[in-house]
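As structure tokens, the structure follows; a few thoughts come after it.
The values are calculated or read from the model by the stated rules, or taken from the named source; none is laboratory data. On a predicted model such as this, the values are computed, not experimentally measured, just so you know. Neighbour counts run over all protein chains shown; Cβ positions are idealised from the backbone, glycine included.
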Amino acid sequence: MQINVLKLEKDEADLQIDNITVAEVLRVYLNKQDVDFAAWRKEHPSKPIVMKIKSSNVSRSVVDAVNAIKKDCTALVSEIKK
């Protein structure tokens, strides 16, 4: 999986993501938080996904979303192992 930062400002970011599943999971978790906007688009099947995020602090929002994803995945693995 590869993520390229196309644009990064305090309140806005554009990320290029090569995995649609990762983009969708990240979008869902970002939208559960207090972000102004989080969505992705794919202009053509041959082109990569571009995710746009708008928030008061984009870096913090992405870190919080990734941490929440990790926590939920860890809990899921624990439940499966029971």
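Kindly check whether there is at least one residue in the range 25-47 that is surrounded by 12 or more Cβ atoms within 10 Å (Cβ to Cβ), at pLDDT below 95 and of a type in the set (Ser, Thr, Tyr).
Among the residues of the range 25-47, not one is surrounded by 12 or more Cβ atoms within 10 Å (Cβ to Cβ), at pLDDT below 95 and of a type in the set (Ser, Thr, Tyr), which makes the answer no.
Going by the conditions given, is Val5 in contact with a strand residue (DSSP E or B) (Cβ under 8 Å, 6 or more places away or on another chain), among the aliphatic types (A, V, I, L, M) and within 21 Å of Ile69 (Cβ to Cβ)?
Yes; evaluated as a whole, the condition is true for this residue.
Tally up the residues in the range 48-82 that are in a helix (DSSP H, G or I) and loosely packed, with under 12 Cβ neighbours inside 10 Å, please.
13
Mind checking which pairs have a first residue in the range 17-33 that is part of a loop (DSSP other than H, G, I, E, B) and a second that is surrounded by fewer than 14 Cβ atoms within 10 Å (Cβ to Cβ) and modelled with pLDDT under 95, Cβ under 8 Å, 6 or more apart or different chains?
Once the first residue is part of a loop (DSSP other than H, G, I, E, B) and sits in the range 17-33, its partners that are surrounded by fewer than 14 Cβ atoms within 10 Å (Cβ to Cβ) and modelled with pLDDT under 95 give Asp18/Met1; Asp18/Gln2; Asn19/Met1.
Among the residues of the range 50-82, write down those that are hydrophobic (A, V, I, L, M, F, W, C) and in contact with a strand residue (DSSP E or B) (Cβ under 9 Å, 6 or more places away or on another chain).
Result: Val50, Met51, Ile53, Val58, Val62, Ala65.
What number of residues within the range 10-24 are under 24 Å from Lys71 (Cβ atoms) and loosely packed, with under 12 Cβ neighbours inside 10 Å?
Residues meeting the conditions: 1.
Could you count how many residues in the range 1-16 are under 20 Å from Ser56 (Cα atoms) and not in a loop (DSSP other than H, G, I, E, B)?
Total satisfying the criteria: 8.
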